[in-house]
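Chemist: First the structure, which I've put down as structure tokens, then a few questions once you've had a look.
The values are calculated or read from the model by the stated rules, or taken from the named source; none is laboratory data. Owing to the predicted nature of the structure, the values given are computational and were not obtained by experimental measurement. Neighbour counts run over all protein chains shown; Cβ positions are idealised from the backbone, glycine included. Each accessible area value is taken on the protein alone, full model and side chains, heavy atoms only, with ligands, DNA and RNA left out. Shrake-Rupley method; radii C 1.70, N 1.55, O 1.52, S 1.80 Å.
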Amino acid sequence: MNSSSTGPPVRYPFSAAVAVDAGWHLVLFAVAFTLPSIGFAGPVLINLAACVVPLAVVARLRWWRAPWLATLRPLRPWLLAPAYLVICLELTRGVEGSAGTLAAGALLMLSVGISEELYARGVMQELLRALSPWSLTLWIGLLFGLGHVLSGVVFGRSPDYIAFQVVHATVLGFLLAALRLHTISIWPLALLHALSNWINSNSPGELPVWWEVARLLALTAYGAMLVRMSTRERALSLATGRPDPA
């Protein structure tokens, strides 16, 4: 279930995907360490500045009209509901912060969601679209998680924090990649990503371990179900000669 794209073929798609991942982080770090302090707008600008890397690839490969980028409305929007439900369950504990703080945090997390989805589930996933659904989603999840190791080290995070981030980023990256197989558009995924980050950053204290484990297992299981659906539909498409439903 892959969206069609136009433009010149990529000779080494996996190397290109890794280069996009590395390039996005390098721009992020360069801007983060050179931009003067300008309050909450600084992190927003840093994340948006990193978009220059995936957008350069989009321009080079002429992907401006590719469905995953140009389409706002997702295919099969109902498949987003279980993921939103699991992530929003944490809201039952409430959020902390003033209205201004929560609004500024929402703007920041939206910039993170847009930037990270554009390079990961957008450009990287499109570069690797020839892989099987399982290989594609697992690689996207793994590369996305490993990117958080690099960010954690550069920004001086503790080993425990880095481990926490890597596990969560890998699971979320896998789920979002699986959703992308069905929704095609990355924009609902950017909103889901932003919402997840916003809830986590404004949650009143740490979640119980059992809750964290249950949430990760639920998101992984749902992602696996979506991948199996895509695998069956691809096999049926090849057997019958019909195009994929998406």
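Chemist: Quote the charge dipole size of region 107-220 about the Cα centre in Debye, to the nearest 20; the model charges only the Cβ of Lys and Arg (+1) and of Asp and Glu (-1).
Modeler: 200
Chemist: Modelling each spin label as a point 7 Å along the Cα-to-Cβ direction, I'd like the Val209/Ser98 distance in nm, to one decimal.
Modeler: So the label points at Val209 and Ser98 sit 3.8 nm apart.
Chemist: Leaving out ligands, DNA and RNA, what percent of the accessible area of the chain is carbon and sulfur, probe 1.4 Å?
Modeler: Here carbon and sulfur together make up 70 percent of the probe-accessible area.
Chemist: Please list 126-137, 34-45 highest first by mean number of surrounding beta-carbon atoms within 10 Å per residue.
Modeler: Ranked from most to least packed, the peptides come out as 126-137, 34-45.
Chemist: Multiply the residue gap between Phe40 and Thr71 by 0.36 nm, knock off their C-alpha separation, and tell me the result in nm, one decimal place.
Modeler: 8.2 nm
Chemist: Using the heavy atoms of the protein chains and a 1.4 angstrom probe, tell me the accessible area per residue for the chain in square angstrom.
Modeler: Result: 49 Å² per residue.
Chemist: Fully extended, how many nm does the chain gain between Phe164 and Thr240 (0.36 nm per residue separation, minus their Cα-Cα distance)?
Modeler: Full extension from Phe164 to Thr240 adds 22.9 nm.
Chemist: Moving on to the next point. For volume of the Cα convex hull per residue in Å³, one of (i) 164; (ii) 114; (iii) 126 was computed from the structure I shared and the rest are decoys. Which label?
Modeler: Structure-derived value, by its label: (iii).
Chemist: Highest mean first, how do 187-194, 102-109 rank when packing is the count of other Cβ atoms within 10 Å averaged over residues?
Modeler: Descending packing order for the listed peptides: 187-194, 102-109.
Chemist: Report relative contact order for the chain in percent, whole number only (criteria: Cα-Cα under 8 Å, sequence separation at least 6).
Modeler: Answer for the chain is 30 percent.
Chemist: Going out from 0 in 10 Å bins, what whole percent of all Cα-Cα distances in region 119-224 drops into each bin?
Modeler: 14, 45, 33, 7, 0
Chemist: Which value, to two decimals, describes the C-alpha radius of gyration of region 1-102 once divided by 2.2 N^0.38 Å?
Modeler: Rg over 2.2 N^0.38 Å, computed on Cα atoms: 1.44.
Chemist: So for each of 164-172, 205-213 I average, over its residues, the number of other beta carbons within 10 Å; can you give me the resulting order with the highest mean first?
Modeler: Answer by packing, highest mean first, reads 164-172, 205-213.
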